[in-house]
Amino acid sequence: MERRNYRHIEVQRVAGALGAELRGVDLAKDLPDDVVGEIRRAWLDHLVLFFRDQKITPAQQLAFASRLGEPMAYPQLKGLDAYPMITPVVKLENERNNFGGVWHSDTTYLQVPPMASMLYAIELPPVGGDTEFANQYLAYETLSPGLRAMLDSLVGVSSSMKAEASKTREDRLKAAGQEVKPLEAEHPIVRTHPETGRKALYLNIGHTARIKGWTEKESAGLLAFLFEHQIRPEFTCRFRWQPGSLALWDNRSAMHNAINDYHGHRRILHRITLAGDRPA
Ligand code: SIN
């Protein structure tokens with residue numbers, strides 16, 4: 001247990017690469033600034049934080065999220081009627097696709113993608129439905145100096161229409177009768193984290209379609225290598241949800257993947273994304 005660095009919270013790492021469980025915090029409460037400050041520090045250190053046994057209403061989730069950043073609407077799906085900034089992440093018993101079931105960082109097809117996402121578990125399958133996370137600082141730092149130097153100058157083109165990710169939203173869009181709007185954005189393949197100053201890989205199989213100035217065919221070989229490299233098991237952790245669990249991840253330094261291994265069961269979570277800045 002990491003106690004010495006924190007006065008108000010307990011931080012227990014869950015894997016070598018990233019992820020920590022945070023104890024001693026009731027997110028239903030209006031937390032003092034120094035507690036929120038420690039949570040933010042732990043989040044920057046561990047990239048994804050997990051809270052257990054939280055009993056929070058949508059209003060309380062939104063209030064906690066607002067202490068860390070500025071909640072923003074998800075561009076592809078409507079939020080809850082009373083809380084448009086909260087997107088329900090749903091897979092029903094009769095559905096095959098799960099939302100977010102591909103390695104990605106959230107909505108990198110936006111010009112200004114979200115800094116963070118926060119997911120709160122409401123209803124879960126009896127087993128399965130875990131979420132994996134991968135540390136993209138490590139993914140960058142473990143490449144050779146030669147490849148790092150080349151990647152430092154490359155720009156990736158993200159699209160909301162890549163089949164890998166768009167199929168994971170199909171059931172929800174159908175249920176809502178919503179149209180998708182194609183979105184595209186260009187971002188550096190290596191970004192410097194605005195708060196830690198560390199470099200991280202910033203591309204993902206869910207949304208990165210090609211390298212700017214290269215054809216799709218030319219991009220395919222290098223992207224395939226990087227997509228495989230960036231999720232090496234030693235860069236990852238895996239979170240087993242329970243009702244009342246909440247995960248808070250940094251989209252600038254980590255990717256995630258919702259595992260689709262619970263057909264026939266329902267899984268419902270509430271997601272809030274927090275506005276970020278333009279990757280550089
Ligand atoms: C997401 O990609 O935001 C959803 C992750 C999950 O359902 O575990």
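Where a number appears in this text, it was derived from the coordinates with a stated rule and is not lab data. Only a predicted model underlies this, so the values are computations on that prediction, with no experimental measurement involved. FYI the Cβ positions are ideal-geometry reconstructions off the backbone, even for glycines, and counts take in every protein chain you see.
Rounded to two decimals, what is Rg over Rh for the chain when you use alpha-carbon atoms and the Kirkwood radius?
In the chain, Rg relative to Rh is 0.95.
Taking 0.36 nm per intervening residue step and subtracting the Cα-Cα distance, what contour gain separates GLU70 from ALA149 on full extension?
25.1 nm
For the chain, how many pairs of lysine residues have a Cα-Cα distance under 23 Å, where the two are 8 or more positions apart or belong to different chains?
Total qualifying Lys-Lys pairs in the chain comes to 19.
Place a +1 charge on the Cβ of each Lys and Arg in segment 10-274 and a -1 charge on the Cβ of each Asp and Glu, then give the dipole magnitude about the Cα centre in debye, rounded to the nearest 20.
In total the dipole reaches around 300 debye.
Can you check what the net charge comes to around ARG232, using other residues whose Cβ is under 15 Å from the Cβ of ARG232 (Lys, Arg +1; Asp, Glu -1)?
-3
Once you've got the GNM for the chain with C-alpha springs shorter than 10 Å, pick whichever of PRO125, PRO114, PRO145 has the biggest mean-square fluctuation.
Evaluated over the chain, the most mobile residue of the options is PRO145.
Taking Cα pairs under 8 Å and at least six residues apart, what relative contact order does segment 83-174 come out at, in percent?
Relative contact order here is 50 percent.
Which distance in Å, rounded to a whole number, links the C-alpha centroids of segment 103-140 and segment 224-280?
2 Å
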